[in-house]
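Asker: Input: one structure, supplied below.
The values are calculated or read from the model by the stated rules, or taken from the named source; none is laboratory data. All values reported here derive from a predicted model rather than from experimental measurement. For neighbour counting, all protein chains shown are included, and Cβ atoms are generated from backbone atoms with ideal geometry for every residue, glycine included.
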């Protein structure tokens, strides 16, 4: 793990990118150490799901720097050799977001992806309660869905027909502890509630039960691009 003092954080905040600054809409992207900078001009004013994974082939510890709204950088440790992305849920309050790979070893590429309602490039499909639908990972055009929950107990059923890792992000309902985002993993090699997941399971299906009254719900498939589509169904109980 990399430890950074307050002086180091100030220095990091003043770093100039070595490469170009790329406007980023949250699409899956791999960034190299101290190379190009990702800039999201405006984040959603609400919960945003940020996923990241160290893609080094050796045991190279990685680090990301996230800067928003002129504040101090948030430094994320990105351990090597993990089999699934780590999840960060945050609300950057419609400010911009800058992402840099500041890993010390140059052979430490880091994959990142972000999802939140209103990010550019999204064309959500419309969910009909009780009707199964499929979401594929980006860059598929059917990676995001939206619908309205009924004023009753609801269940979101998630199912994969393969052994591929599947990551589903859900945003909606009342805020709990400053967040209304939930992230689930199917076919996970590390089941439980670690790495920022609401729930990761080793099996290929999971039911998420909730009651949000009448609320807009957003659902995104944030799985690796090589994973198969996931079948979902929003069911009233």
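Asker: Restricting to segment 222-237, and then to whatever is surrounded by 21 or more Cβ atoms within 10 Å (Cβ to Cβ) and over 12 Å from residue 160 (Cβ atoms), can you tell me which residue is farthest from the chain's Cα centre (by Cα)?
Answerer: In this case the residue turns out to be 234.
Asker: Now, a different point. Tell me the residue from 122, 72, 93, 83 that is in contact with a strand residue (DSSP E or B) (Cβ under 8 Å, 6 or more places away or on another chain), more than 22 Å from residue 157 (Cβ to Cβ) and in a loop (DSSP other than H, G, I, E, B), please. If you could, list the steps in order and put the result at the bottom.
Answerer: Values: 72 fails: in contact with a strand residue (DSSP E or B) (Cβ under 8 Å, 6 or more places away or on another chain); 93 fails: in contact with a strand residue (DSSP E or B) (Cβ under 8 Å, 6 or more places away or on another chain); 83 fails: in contact with a strand residue (DSSP E or B) (Cβ under 8 Å, 6 or more places away or on another chain).
It is 122.
Asker: When you check residue 179 against the structure, is it under 22 Å from residue 114 (Cα atoms), touching a strand residue (DSSP E or B) at 6+ places or on another chain (Cβ under 6 Å) and either free of Cβ contacts under 8 Å to residues at least 24 places away in the same chain or outside the structural domain of residue 81 (by TED's automatic domain parsing) (or both), yes or no? Quick ask: steps written out before the conclusion?
Answerer: Details: under 22 Å from residue 114 (Cα atoms): yes; touching a strand residue (DSSP E or B) at 6+ places or on another chain (Cβ under 6 Å): yes; either free of Cβ contacts under 8 Å to residues at least 24 places away in the same chain or outside the structural domain of residue 81 (by TED's automatic domain parsing) (or both): yes.
Spelling it out, residue 179 is indeed under 22 Å from residue 114 (Cα atoms), touching a strand residue (DSSP E or B) at 6+ places or on another chain (Cβ under 6 Å) and either free of Cβ contacts under 8 Å to residues at least 24 places away in the same chain or outside the structural domain of residue 81 (by TED's automatic domain parsing) (or both).
Asker: If you don't mind, there's one more thing I want to ask. Mind checking whether some residue in segment 126-133 is modelled with pLDDT of 95 or more, more than 27 Å from residue 162 (Cα to Cα) and either surrounded by fewer than 16 Cβ atoms within 10 Å (Cβ to Cβ) or within 19 Å of the chain's Cα centre (by Cα) (or both)?
Answerer: Taking every residue of segment 126-133 in turn, none turns out to be modelled with pLDDT of 95 or more, more than 27 Å from residue 162 (Cα to Cα) and either surrounded by fewer than 16 Cβ atoms within 10 Å (Cβ to Cβ) or within 19 Å of the chain's Cα centre (by Cα) (or both).
Asker: What about residue 58, is it out of contact with any strand residue (DSSP E or B) (no Cβ under 7 Å at 6 or more places or on another chain), surrounded by fewer than 17 Cβ atoms within 10 Å (Cβ to Cβ) and modelled with pLDDT of 95 or more? Before you say what the answer is, go through the steps one by one.
Answerer: Numbers: out of contact with any strand residue (DSSP E or B) (no Cβ under 7 Å at 6 or more places or on another chain): yes; surrounded by fewer than 17 Cβ atoms within 10 Å (Cβ to Cβ): yes; modelled with pLDDT of 95 or more: yes.
When the stated conditions are applied, residue 58 passes them.
Asker: Report yes if residue 197 is assigned to a strand (DSSP E or B), out of contact with any helix residue (DSSP H, G or I) (no Cβ under 9 Å at 6 or more places or on another chain) and closer than 24 Å to residue 93 by Cα, otherwise no. It would help to see each step written out before you state the result.
Answerer: Numbers: assigned to a strand (DSSP E or B): no; out of contact with any helix residue (DSSP H, G or I) (no Cβ under 9 Å at 6 or more places or on another chain): yes; closer than 24 Å to residue 93 by Cα: yes.
Judged against the criteria, residue 197 is not a match.
Residues checked against (1) in a strand (DSSP E or B); (2) at pLDDT 95 or above; (3) closer than 25 Å to residue 190 by Cβ:
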{"residue": "142", "(1), (2), (3)": "no, no, no"}
{"residue": "147", "(1), (2), (3)": "yes, yes, no"}
{"residue": "159", "(1), (2), (3)": "yes, yes, yes"}
{"residue": "162", "(1), (2), (3)": "no, yes, yes"}
{"residue": "167", "(1), (2), (3)": "yes, yes, yes"}
{"residue": "172", "(1), (2), (3)": "yes, yes, no"}
{"residue": "175", "(1), (2), (3)": "yes, no, no"}
